[in-house]
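Here's the structure we're looking at; comments come further down.
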Amino acid sequence: MGHVRGLAIGLMVLSSLTIAGLENPKATRAADADQELTATLDGKPIPLQDVGKYYCDDFAYPEIRCSSTRLLADARAALVTLLTGIDYVTIFDQPNYGGAYMNVSQDYSALALIGWNDRISSFKGRNSETGSFFVDWFYGGTQWAFCCNTQTASLGSYNNAFSSIIRT
(Lines give C-alpha, C1' and ligand atoms only; values in the text may rest on other atoms or scores of the structure.)
Protein backbone atom coordinates (compact mmCIF):
# COMPACT_ATOMS: atom_id res chain seq x y z
CA MET A 1 0.00 0.00 0.00
CA GLY A 2 2.93 2.35 0.72
CA HIS A 3 4.21 1.93 -2.85
CA VAL A 4 0.85 2.99 -4.30
CA ARG A 5 0.74 6.05 -2.03
CA GLY A 6 4.31 6.98 -3.01
CA LEU A 7 3.48 6.60 -6.70
CA ALA A 8 0.36 8.74 -6.28
CA ILE A 9 2.35 11.48 -4.53
CA GLY A 10 5.04 11.31 -7.21
CA LEU A 11 2.46 11.67 -9.96
CA MET A 12 0.87 14.64 -8.21
CA VAL A 13 4.26 16.36 -7.93
CA LEU A 14 4.99 15.56 -11.58
CA SER A 15 1.57 16.95 -12.54
CA SER A 16 2.25 20.19 -10.68
CA LEU A 17 5.63 20.60 -12.33
CA THR A 18 4.17 19.82 -15.73
CA ILE A 19 1.33 22.30 -15.37
CA ALA A 20 3.77 24.97 -14.19
CA GLY A 21 5.84 24.37 -17.30
CA LEU A 22 2.85 24.84 -19.62
CA GLU A 23 2.41 28.59 -19.28
CA ASN A 24 1.92 29.11 -23.01
CA PRO A 25 1.52 25.71 -24.67
CA LYS A 26 1.31 25.77 -28.44
CA ALA A 27 2.21 23.53 -31.29
CA THR A 28 4.21 25.11 -34.05
CA ARG A 29 4.55 23.71 -37.54
CA ALA A 30 8.30 23.99 -37.74
CA ALA A 31 11.32 24.65 -35.60
CA ASP A 32 11.99 28.36 -35.09
CA ALA A 33 15.49 29.08 -36.37
CA ASP A 34 16.02 31.66 -33.61
CA GLN A 35 15.48 29.14 -30.82
CA GLU A 36 18.27 26.83 -29.69
CA LEU A 37 17.13 23.24 -29.33
CA THR A 38 18.19 21.63 -26.04
CA ALA A 39 17.54 18.36 -24.22
CA THR A 40 17.35 17.33 -20.58
CA LEU A 41 17.22 13.96 -18.83
CA ASP A 42 15.41 14.10 -15.49
CA GLY A 43 16.12 17.84 -15.46
CA LYS A 44 19.84 17.66 -16.32
CA PRO A 45 21.24 18.71 -19.73
CA ILE A 46 22.15 15.95 -22.19
CA PRO A 47 23.49 16.02 -25.76
CA LEU A 48 20.73 16.20 -28.38
CA GLN A 49 22.07 13.01 -29.97
CA ASP A 50 21.16 11.09 -26.78
CA VAL A 51 17.43 11.89 -27.01
CA GLY A 52 16.78 8.64 -28.92
CA LYS A 53 17.98 6.60 -25.93
CA TYR A 54 15.27 7.70 -23.49
CA TYR A 55 11.55 8.38 -23.04
CA CYS A 56 11.11 11.94 -24.32
CA ASP A 57 8.76 14.60 -25.58
CA ASP A 58 9.14 18.02 -27.17
CA PHE A 59 6.09 19.57 -25.47
CA ALA A 60 8.30 22.30 -23.95
CA TYR A 61 9.91 23.11 -27.31
CA PRO A 62 12.68 24.18 -27.85
CA GLU A 63 13.53 21.94 -24.89
CA ILE A 64 13.17 18.20 -25.35
CA ARG A 65 12.46 16.66 -21.96
CA CYS A 66 13.50 13.07 -21.34
CA SER A 67 13.00 10.68 -18.47
CA SER A 68 15.06 7.67 -17.49
CA THR A 69 11.88 5.82 -16.48
CA ARG A 70 8.95 5.08 -18.73
CA LEU A 71 6.40 5.48 -15.92
CA LEU A 72 7.21 9.15 -15.31
CA ALA A 73 7.40 9.91 -19.03
CA ASP A 74 4.03 8.22 -19.62
CA ALA A 75 2.42 10.18 -16.77
CA ARG A 76 3.79 13.48 -18.11
CA ALA A 77 2.69 12.68 -21.65
CA ALA A 78 -0.82 11.71 -20.53
CA LEU A 79 -1.23 14.90 -18.55
CA VAL A 80 0.15 17.19 -21.26
CA THR A 81 -1.96 15.52 -23.94
CA LEU A 82 -5.06 15.79 -21.77
CA LEU A 83 -4.45 19.50 -21.15
CA THR A 84 -3.19 20.58 -24.57
CA GLY A 85 -3.41 17.87 -27.25
CA ILE A 86 -0.23 19.19 -28.88
CA ASP A 87 1.49 15.97 -29.97
CA TYR A 88 0.84 14.41 -33.35
CA VAL A 89 2.85 11.20 -33.30
CA THR A 90 4.79 8.98 -30.90
CA ILE A 91 7.82 7.24 -32.40
CA PHE A 92 9.34 4.08 -30.92
CA ASP A 93 12.81 2.55 -31.18
CA GLN A 94 11.51 -1.04 -31.39
CA PRO A 95 8.61 -2.82 -33.10
CA ASN A 96 5.36 -3.24 -31.16
CA TYR A 97 5.81 0.15 -29.45
CA GLY A 98 8.83 -0.99 -27.45
CA GLY A 99 12.06 0.60 -26.32
CA ALA A 100 12.81 4.28 -26.16
CA TYR A 101 10.18 6.65 -27.51
CA MET A 102 9.48 10.29 -28.22
CA ASN A 103 6.18 12.14 -28.27
CA VAL A 104 6.52 14.56 -31.18
CA SER A 105 4.75 17.91 -31.56
CA GLN A 106 7.26 19.58 -33.91
CA ASP A 107 8.52 18.93 -37.42
CA TYR A 108 12.08 17.65 -37.78
CA SER A 109 13.80 18.03 -41.14
CA ALA A 110 16.76 16.00 -39.86
CA LEU A 111 15.99 13.43 -37.17
CA ALA A 112 19.75 12.90 -36.83
CA LEU A 113 19.87 16.16 -34.86
CA ILE A 114 17.94 14.52 -32.01
CA GLY A 115 19.31 10.99 -32.20
CA TRP A 116 16.38 9.46 -34.11
CA ASN A 117 17.77 9.09 -37.66
CA ASP A 118 17.07 5.62 -39.04
CA ARG A 119 15.80 4.38 -35.63
CA ILE A 120 11.99 4.38 -35.88
CA SER A 121 10.52 0.87 -35.77
CA SER A 122 6.88 1.62 -34.85
CA PHE A 123 4.66 4.63 -34.26
CA LYS A 124 1.28 5.82 -33.04
CA GLY A 125 -0.55 8.77 -34.60
CA ARG A 126 -2.09 11.08 -31.99
CA ASN A 127 -4.97 13.53 -31.65
CA SER A 128 -6.43 12.70 -35.11
CA GLU A 129 -3.49 14.54 -36.69
CA THR A 130 -1.83 13.68 -39.98
CA GLY A 131 1.82 13.63 -40.89
CA SER A 132 4.49 12.06 -43.03
CA PHE A 133 7.79 10.32 -42.47
CA PHE A 134 10.51 10.56 -45.12
CA VAL A 135 13.50 8.32 -45.74
CA ASP A 136 15.77 11.29 -46.48
CA TRP A 137 16.57 14.48 -44.62
CA PHE A 138 14.68 17.68 -45.41
CA TYR A 139 11.48 15.79 -46.26
CA GLY A 140 12.97 14.02 -49.26
CA GLY A 141 12.84 10.54 -50.72
CA THR A 142 10.09 8.02 -50.19
CA GLN A 143 7.23 9.21 -47.98
CA TRP A 144 5.10 7.26 -45.48
CA ALA A 145 1.95 9.25 -44.68
CA PHE A 146 -0.16 8.58 -41.59
CA CYS A 147 -3.54 9.76 -40.55
CA CYS A 148 -6.06 9.88 -37.80
CA ASN A 149 -4.65 7.89 -34.87
CA THR A 150 -2.93 5.27 -37.00
CA GLN A 151 -1.05 2.69 -34.94
CA THR A 152 1.69 0.86 -36.81
CA ALA A 153 3.44 -1.85 -34.77
CA SER A 154 5.90 -2.82 -37.50
CA LEU A 155 7.27 -0.87 -40.46
CA GLY A 156 8.38 -3.85 -42.54
CA SER A 157 10.96 -2.78 -45.13
CA TYR A 158 10.84 0.79 -43.71
CA ASN A 159 12.11 -0.34 -40.30
CA ASN A 160 14.87 2.05 -39.20
CA ALA A 161 14.60 4.01 -42.47
CA PHE A 162 13.05 7.40 -41.60
CA SER A 163 15.19 10.55 -41.50
CA SER A 164 12.60 13.38 -41.28
CA ILE A 165 9.01 13.95 -40.16
CA ILE A 166 6.43 16.67 -40.78
CA ARG A 167 2.83 17.38 -39.77
CA THR A 168 0.63 17.64 -42.86
Please work out which one of (1) at pLDDT 95 or above; (2) within 20 Å of THR90 (Cβ to Cβ) is the condition ALA30 fails and give its number.
(1)
Filter result (among the acidic types (Asp, Glu) and not in a strand (DSSP E or B)) within segment 50-80:
ASP50, ASP74
For the subset of segment 143-168 comprising residues that are small (Gly, Ala, Ser) and closer than 21 Å to SER109 by Cβ, which member is most open to solvent (accessible area, probe 1.4 Å)?
ALA145
Qualifying residues in segment 81-97 (those that are modelled with pLDDT of 95 or more, out of contact with any Phe, Trp or Tyr (no Cβ under 6 Å at 6 or more places or on another chain) and not in a helix (DSSP H, G or I)) - the one surrounded by the most Cβ atoms within 10 Å (Cβ to Cβ)
ASP93
Among the residues of segment 36-49, is there at least one that is open to solvent by less than 10 Å² (accessible area, probe 1.4 Å) and not in a strand (DSSP E or B)?
no
Regarding ALA112, is this residue small (Gly, Ala, Ser) and open to solvent by less than 20 Å² (accessible area, probe 1.4 Å)?
no
Among (1) within 13 Å of the chain's Cα centre (by Cα); (2) modelled with pLDDT of 95 or more; (3) under 20 Å from ILE165 (Cβ atoms), which single condition is ASP58 missing?
(2)
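State whether the residues of segment 11-20 include one that is at pLDDT 80 or above and either small (Gly, Ala, Ser) or closer than 18 Å to PHE162 by Cα (or both).
Within segment 11-20, the subset at pLDDT 80 or above is none.
No: segment 11-20 contains no residue that is at pLDDT 80 or above and either small (Gly, Ala, Ser) or closer than 18 Å to PHE162 by Cα (or both).
The values are calculated or read from the model by the stated rules, or taken from the named source; none is laboratory data. Just so it is clear, the model here is predicted, and its values are computed rather than measured. Note that each Cβ is placed from the backbone with ideal geometry, even for glycine, and that neighbours are counted across all protein chains shown. The accessibility values were calculated without ligands, DNA or RNA, using every heavy atom of the protein model including side chains. Shrake-Rupley method; radii C 1.70, N 1.55, O 1.52, S 1.80 Å.
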